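Quick one: the structure is below, questions incoming.
The values are calculated or read from the model by the stated rules, or taken from the named source; none is laboratory data. Remember, it's a predicted structure, so these values are computed and weren't measured experimentally. Counting neighbours? That spans all protein chains shown, and the Cβs are built from the backbone with ideal geometry, glycine included. Calculation scope for accessible area: heavy atoms of the full protein, side chains included, ligands and nucleic acids excluded. Shrake-Rupley method; radii C 1.70, N 1.55, O 1.52, S 1.80 Å.
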Amino acid sequence: MRPRSKESIMLLAPAIQNLYSHKQQALNLWNLFETPTCKKVRLTSWKSPSDPSIGNLSAGIDVRNFPEFFIWNGSRLIWRSGPWNNQVFIGVPNMLSTYHYGFSLEDDKEGTFYLSFILNESFPTKFVLNEQGNVFDASSINGEDWEVVWSAFQTECDVYGKCGAFGSCNSQNTPICSCLRGFEPKNTGEWNRGNWTSGCVRRKPLQCERVNNGSEGGKKDGFLKLTMMKVPDLADWSSAREGNCRNQCLENCSCIAYAYVSGIGCMPWTRSLIDLQKFSSGGVDLYVRLAYSELDKEGNVKVIVTVTVIIGVIFIGICIYLLWHWMAKQKAPWTNIYKHREDEEMLLLNMSEDNHGDKVNQAKLEEMPIFNLQELASATNSFHQSNKLGQGGFGPVYRVMVYLVEGYCLTI
């Protein structure tokens, strides 16, 4: 690793010791891979904290189809960073392009690759591979008190191939390993005991396999989209553009997954998907090939759920309407009863007032005198025509003389 600094430069050390170099120009601290001699320069661990001799653990960049940073225990791979996209290693969660003012992986076109970064002179930095196989990034203010700001192994899922082939690791889940949709544990007994290294196998063969076995091909395969993923190991590279990456994989019977990553391009996989991890943030979209029936089943589930929800909403709406209608009917008779009672009360009140009026009138009538025919004839001069005033609906009207009859003064 080569720090790009014209002043104070902090060496990437294989041990806790710190080496400084002042006012040097572009000091080559780490040639990570050299050819044609195929000499690999790696960061190595001590055998123990007290034994600085070279241990079994090493770390460095291996350039296959894509440059990646690896940690090995002997010849066994135990950690990988994911491919380099010209800014970051995409398998390192939350790694920013501005980290250490930007990493740079340079190819001198003569067989040598350099991984370099710019150092902040105020905060010396060192990378250390310890005897447990973990790479640490540590910073210091005074050059003595070091604080770890990043480490390669942060969860169990960072262990290479933790969940085996076609198994996905998610540190937020319990258990952390699960088979991808369309796959099932290869060894159910081991899987249930928490030994996931045997991985998973397909439940249903892909279309090409069905055709090769002489059975009907059926509908074309499709792709399952997995988001925020650490891409699996052993990816190939294709020159296909983003729009053609999917079709190219679908037309190739050997292609079992693909991803398109900015800065890298189209990445198809033709071998088992190993070292899959689900991130809580970051990562890329990975598309895994599945038999159509596996995708259709998921589609049917979505359709069933959607239709069920719609029917449920309609049913609840109908129930609410019927309940409202029933309550309205139940309320109507009581309304009529209340109105009828009000009418009855009003009628009784009117009748009471009428009776009261009749009684008053009856009392007044009782107070008036009664005249017989002889008295009326005498008062009207035997109903003489000269005393007749007119004719009404109830008979003729006469003018009479006023006189006293038992103290009453009457005019008829």
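Test of understanding: among SER122, SER171, which residue is within 28 Å of the chain's Cα centre (by Cα) and open to solvent by 30 Å² or more (accessible area, probe 1.4 Å)?
Answer to the check: SER171.
Still on this structure: Given the conditions (1) over 30 Å from PHE70 (Cβ atoms); (2) charged (D, E, K, R); (3) out of contact with any Asp or Glu (no Cβ under 6 Å at 6 or more places or on another chain); (4) open to solvent by 60 Å² or more (accessible area, probe 1.4 Å), and given that ASP221 satisfies all but one, which numbered condition is not satisfied?
Every listed condition holds for ASP221 apart from (4).
Then there is this: Counting only residues that are within 16 Å of ARG202 (Cα to Cα) and in contact with a Gly (Cβ under 8 Å, 6 or more places away or on another chain), which one in the range 259-275 is surrounded by the fewest Cβ atoms within 10 Å (Cβ to Cβ)?
That would be SER272.
This table checks each residue for (1) farther than 28 Å from SER81 by Cβ; (2) modelled with pLDDT of 95 or more.
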{"position": "PHE166", "(1), (2)": "no, yes"}
{"position": "TRP196", "(1), (2)": "no, yes"}
{"position": "ARG203", "(1), (2)": "yes, no"}
{"position": "LEU206", "(1), (2)": "yes, no"}
{"position": "ARG210", "(1), (2)": "yes, no"}
{"position": "GLY214", "(1), (2)": "yes, no"}
{"position": "LYS220", "(1), (2)": "yes, no"}
{"position": "PRO232", "(1), (2)": "no, yes"}
{"position": "SER238", "(1), (2)": "no, no"}
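SER8 passes all but one of (1) open to solvent by 20 Å² or more (accessible area, probe 1.4 Å); (2) out of contact with any Phe, Trp or Tyr (no Cβ under 7 Å at 6 or more places or on another chain); (3) modelled with pLDDT under 60; which number fails?
(2) is the only condition that SER8 fails.
To continue, here is another question. Any chance you could count how many residues in the range 382-399 are open to solvent by less than 70 Å² (accessible area, probe 1.4 Å) and in contact with a helix residue (DSSP H, G or I) (Cβ under 7 Å, 6 or more places away or on another chain)?
Looking only at that region, the number is 1.
Conditions tested, residue by residue: (1) loosely packed, with under 15 Cβ neighbours inside 10 Å; (2) not assigned by the TED database to the domain that holds PHE70.
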residue	(1), (2)
ALA138	no, no
GLU156	yes, yes
PHE183	no, yes
THR188	yes, yes
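Look at the range 133-160 and say how many of its residues are in contact with a strand residue (DSSP E or B) (Cβ under 8 Å, 6 or more places away or on another chain) and within 24 Å of LEU276 (Cβ to Cβ).
12
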